[in-house]
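Just so you know, all these numbers are worked out from the coordinates, no wet-lab data involved. Owing to the predicted nature of the structure, the values given are computational and were not obtained by experimental measurement. Every residue, glycine among them, receives a Cβ derived from its backbone with ideal geometry; neighbour counts consider all protein chains shown.
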Amino acid sequence: MNKEKICEKALAELKSGEPSALSVLYDTMARQLFSLAYTITGNYCDAEDALQNTMIDILNSCRGYSGGKATAWLFAVTRNNALDVMRKRKREAEVSLEEVNDSELKSENSELSIVETLDMLNVLDEDEKQIVVMRLYSKMPYSEISDIMGIKVFAAQKKYQRAIGKLKKYNPQ
């Protein structure tokens, strides 16, 4: 069963009062949702907060899910929570930088570490980062990205193309 079907089934179970279906959603989508939140917030702890808030929102508002693409709805909830976390951090004017050991973040299947990848993504604006993560990492079609971002499909395609162009020109010293 693909992720979309799993998420649709889990949301239906949540709507019918089965709270354990939330763990199915978490197990299925947490990594991708966290990646989007991290792309937006740029901070591991903030991304965790956004993911946690997303899970709470899903549990509390799953009755508001009216069908359609379940994964797109989950990404939209995550995006909104990540943006809320960013607004909260700006209001609090807290700056917390945590040193991360690059070797600990090295992925077994990746030539670039997470830190190097995030550094590369920093050449993109916020919308471009989000579109690249949704398109490449989550394999999301432009139509879903456009719904989540609140832009036209053509605009999502153009922003993605421009972002890929910037990434191709990226040259770390």
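Couple of notes before you dig in:
- Each Lys or Arg adds one and each Asp or Glu subtracts one; over the other residues with Cβ under 15 Å from the Cβ of Thr71, this totals +3.
- Charge tally for Ile151 (other residues, Cβ to Cβ under 15 Å; Lys, Arg +1; Asp, Glu -1): +1.
- This ranking places Glu48, Glu126, Glu144 by how few other beta-carbon atoms lie within 10 Å of each, fewest first, which gives Glu126, Glu48, Glu144.
- Too-long pairs where the Cα-Cα distance tops 27 Å, listed order kept, from Lys69/Lys158; Lys3/Lys169; Lys15/Lys159; Lys69/Lys159: Lys3/Lys169; Lys15/Lys159
- A straight line joining the Cα centroids of region 1-74 and region 137-173 runs 22 Å.
- Highest mean first, the peptides 33-39, 6-12 sorted by other C-beta atoms within 10 Å per residue fall in the order 33-39, 6-12.
- Here region 1-95 was treated as a single set of alpha-carbon atoms; its pair distances binned every 10 Å from 0 give 18, 49, 25, 8, 0 percent.
- Cβ-defined net charge surrounding Leu51, 12 Å radius [Lys, Arg +1; Asp, Glu -1]: -2
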